[in-house]
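I have placed the structure first, in the form of structure tokens, so that the comments after it can refer back to it.
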Amino acid sequence: METPLLVLQCLECHRESFKQSINGKIKDNNIIGGMTEDIKTMSEEGLVFKYVAKEKQKRAVHFINRQVFETPYWLLDSNILSRIDYGIMVNKVIEAQNQVLTSLLDTYSFVRMLDN
């Protein structure tokens, strides 16, 4: 009986790690719909705020599509889940995908994507 619980804990741990990793890549790096700030003194020339390069944003969107929105079927293996899951793992994957989508469609990020 301990083995299925251990596998479930491992899957749950991986799901949390996956979610934190993806959310971190979106928000912390502020790549998609992001801007950089280069604080300057009055005597320094140049822009203080710049949009993240479009190519970098495109690579980030491609990464997110591949790593988040392509459902991780290996995580939903029915042979394993039928022994350890009580029907919530699919919902947890969908929840992680929804959180990423919500983060991407944050009002300020979305407006910056449109402006850029």
Boolean, Asn98 is in a helix (DSSP H, G or I), of a type in the set (S, T, N, Q) and modelled with pLDDT under 85: no
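Condition check ((1) modelled with pLDDT under 85; (2) touching a Pro at 6+ places or on another chain (Cβ under 6 Å); (3) outside any helix (DSSP H, G or I); (4) among the hydrophobic types (A, V, I, L, M, F, W, C)) across all residues:
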| residue | (1), (2), (3), (4) |
| --- | --- |
| Ile31 | yes, no, yes, yes |
| Met42 | no, no, yes, yes |
| Leu75 | yes, no, no, yes |
| Ser82 | yes, no, no, no |
| Val93 | yes, no, no, yes |
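Looking only at the range 63-71, decide whether some residue is over 15 Å from Asn30 (Cα atoms) and among the aromatic types (Phe, Trp, Tyr).
Yes.
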Pairs where the first residue, in the range 49-65, is under 19 Å from Val111 (Cβ atoms) and the second is part of a strand (DSSP E or B) and of a type in the set (A, V, I, L, M, F, W, C), C-beta under 7 Å, 6+ apart: Phe49/Met35; Lys50/Met35; Tyr51/Met35; Val52/Met35
Residue that is surrounded by the fewest Cβ atoms within 10 Å (Cβ to Cβ), among those in the range 67-103 that are without any contact (Cβ under 8 Å) to a residue 12 or more places away in the chain and among the hydroxyl-bearing types (Ser, Thr, Tyr): Tyr86
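Let's see how each residue does on (1) of a type outside the set (Ser, Thr, Tyr); (2) closer than 14 Å to Gly33 by Cα:
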| position | (1), (2) |
| --- | --- |
| Lys58 | yes, yes |
| Phe69 | yes, no |
| Tyr73 | no, no |
| Leu105 | yes, yes |
So Lys50, is it more than 10 Å from the chain's Cα centre (by Cα), modelled with pLDDT of 65 or more and assigned to a loop (DSSP other than H, G, I, E, B): no
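The values are calculated or read from the model by the stated rules, or taken from the named source; none is laboratory data. Quantities reported herein were computed from a predicted structural model and do not represent experimental measurements. When we count neighbours, we look across all protein chains shown, and the Cβ atoms used for this are built from the backbone with ideal geometry, even at glycine.
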